[in-house]
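To start, the structure under review is shown below, and the notes come after it.
The values are calculated or read from the model by the stated rules, or taken from the named source; none is laboratory data. For clarity, every value in this text was computed on a predicted model and none was experimentally measured. With ideal geometry, Cβ positions are generated from the backbone for all residues, glycine too; neighbour counts draw on all protein chains shown.
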There are 2 protein chains.
Amino acid sequence: MQDVPELVAQAREGRPRAVARLISLVEGASPQLREVMAALAPLAGNAYVIGVTGSPGVGKSTSTSALVSAYRKAGKRVAVLAVDPSSPFSGGALLGDRVRMSEHASDPGVYIRSMATRGHLGGLAWAAPQAIRVLDAAGCDVILVETVGVGQSEVEIASQADTSVVLLAPGMGDGIQAAKAGILEIGDVYVVNKADRDGADATARELNHMLGLGESRGPGDWRPPIIKTVAARGEGIDEVVEALEKHRAWLEEHDALTRRRARRAAHEVETIAVTTLRERIGDLHGDRRLGALAERIVAGELDPYTAADELVAGLTDGA
Amino acid sequence: MQDVPELVAQAREGRPRAVARLISLVEGASPQLREVMAALAPLAGNAYVIGVTGSPGVGKSTSTSALVSAYRKAGKRVAVLAVDPSSPFSGGALLGDRVRMSEHASDPGVYIRSMATRGHLGGLAWAAPQAIRVLDAAGCDVILVETVGVGQSEVEIASQADTSVVLLAPGMGDGIQAAKAGILEIGDVYVVNKADRDGADATARELNHMLGLGESRGPGDWRPPIIKTVAARGEGIDEVVEALEKHRAWLEEHDALTRRRARRAAHEVETIAVTTLRERIGDLHGDRRLGALAERIVAGELDPYTAADELVAGLTDGA
């Protein structure tokens, strides 16, 4: 067993090994999970959580790395949570992708963690918010959550951020792909990366059209900007940071930050509750109860709804 | 409100409109769902459920249609449940794809129904078993459940059949695709359709290799056959039917049919139970309770696990 208060204290001092251990504890659904989460609750809520998503090949890692540099220059403590099975970031503290994140590897003000789809119930949708909570409580000012805009759960994770950045690149038929992947609804800031390539303007126009940005909005509505970048050369990154800060200011001005975070917390609670109940049902699988119910159904003595009611009532007893 | 006993009686007589209404009732999660399922329970359990799956383009609809013809020739009442958003079968009774199913459209011994991904919780994994139960109770001898071997839930549905047929076609790199889609584990009978095309033998060999059919098995083990067909001309279909009947006999001989159906029923109960619980949690979404918990989390007064416990305890009260 880990000494949780001691780990939390060390994480607060910015010690990466303590942060790593805490994340492992919450990610692995350890028996100490609840103790950890209870200890972190009063400490979290200060970090600005930025979702960065886009299809493979648009330059997410490069863009994330450039954003890390920009925030470091501003003196912020930064964490990167790369939620992506195919991510170049390897697991654990400070072990980033050698090419793209190497400049941050020796920086104690940067914490990098990758998270792949885990086997346990609930998966990423379940584990990512826990890890964000640890990084938040550990005193990170900015948490960049990088996800691939492919799976539904990854999109969901990105949409749960304070601000969501959606990346595209020219010449990939990307607008349509983005629409298909459902990431066009979630962006607060859009970035057309690799803007030195042919077709960047066309992609931006197409995006503008698809987002209906030409249409009139209410005076208080947020109007997602479209920014062109060449992340590999750092071009346009300052504009992205500026847009992020503007969105954050907008959120605070409209009292939307707390509302968004409350929605995120509600989603988190719901996911945990469903996972808990699913596990309880899973526990019954080897159980004679479910087997006996199934046999009665096959024999025509029982219908599956009545059986499910009995099963749910059984869970209730165990609550 | 529908007169459920009357509908069930009409469905038993093979009246397609009654069958269609019952399926709509169970599919749409109507308030009468439980009444319908309770009425059907003692009537179901006689149909032989055959799953037919494969990637798009392998000839699933043509093969299904050919199997319908074969079973009709043997005097069986046949139902087709096409679980596929892209299926050519249009919804409702007796309205099949004009080209491929037209020969069955006017046959009162054939019932055709398509089922696309519905919006309600649980989706196809939830709705398909209910529809199968209706068709079974309505006196169908054979139910062909056609699914696209792409999504996880479609594969799951196919794997829940009494016998699963997995279709491939030559020259599509299909073996590897099938392996990726996870349909290589579920087949009881494999069919290489479009066998008049180049590469059919190579596909069969590759499949044989991937399935490890060359390896020795226990004396009582089922050895999935690989059958070559040209479904559009009806070639090889008799062999497929023969293989299906052999597998059914094998299941009965080894007491595996009841076991398989009990497993299917257990899965069904589990899905209903999870859906029920999810819905209850969803009902709480607009609820002040979840909102209040979320606000306390954002304020740092509560951790999400303790909140989830309260939520689950709340569900318990409502059980």
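Here are some notes:
- Checking each residue in region A:227-237 for being surrounded by 14 or more Cβ atoms within 10 Å (Cβ to Cβ) and in a helix (DSSP H, G or I) picks out A:231, A:232, A:237.
- Residue in region B:268-277 that is at pLDDT 85 or above and away from chain A (no Cβ under 13 Å) present: no
- Scanning region B:145-168 for residues that are in contact with a Leu (Cβ under 6 Å, 6 or more places away or on another chain) and either at pLDDT below 85 or closer than 30 Å to residue B:5 by Cα (or both) gives B:145, B:153.
- Within region A:32-52, not a single residue is within 17 Å of residue A:147 (Cβ to Cβ) and modelled with pLDDT under 90.
- Scanning region A:14-32 for residues that are under 21 Å from the mean Cα position of the chain (by Cα), within 13 Å of another protein chain (Cβ to nearest Cβ) and either basic (Lys, Arg) or farther than 21 Å from residue A:82 by Cα (or both) gives a single hit, A:30.
- Checking each residue in region A:249-267 for being among the hydrophobic types (A, V, I, L, M, F, W, C), facing chain B (nearest Cβ under 9 Å) and surrounded by fewer than 20 Cβ atoms within 10 Å (Cβ to Cβ) picks out no residue at all.
- Within region B:47-59, residues that are in the same structural domain as residue B:187 (by TED's automatic domain parsing) sit with their Cβ atoms under 8 Å from residues that are part of a loop (DSSP other than H, G, I, E, B) and hydroxyl-bearing (Ser, Thr, Tyr), at 6+ positions apart or across chains, in these pairs: B:56/B:86.
A quick yes/no check of all residues on (1) of a type in the set (Val, Ile, Thr); (2) assigned to a loop (DSSP other than H, G, I, E, B):
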{"position": "B:20", "(1), (2)": "no, no"}
{"position": "B:26", "(1), (2)": "yes, no"}
{"position": "B:45", "(1), (2)": "no, yes"}
{"position": "B:53", "(1), (2)": "yes, no"}
{"position": "B:56", "(1), (2)": "no, yes"}
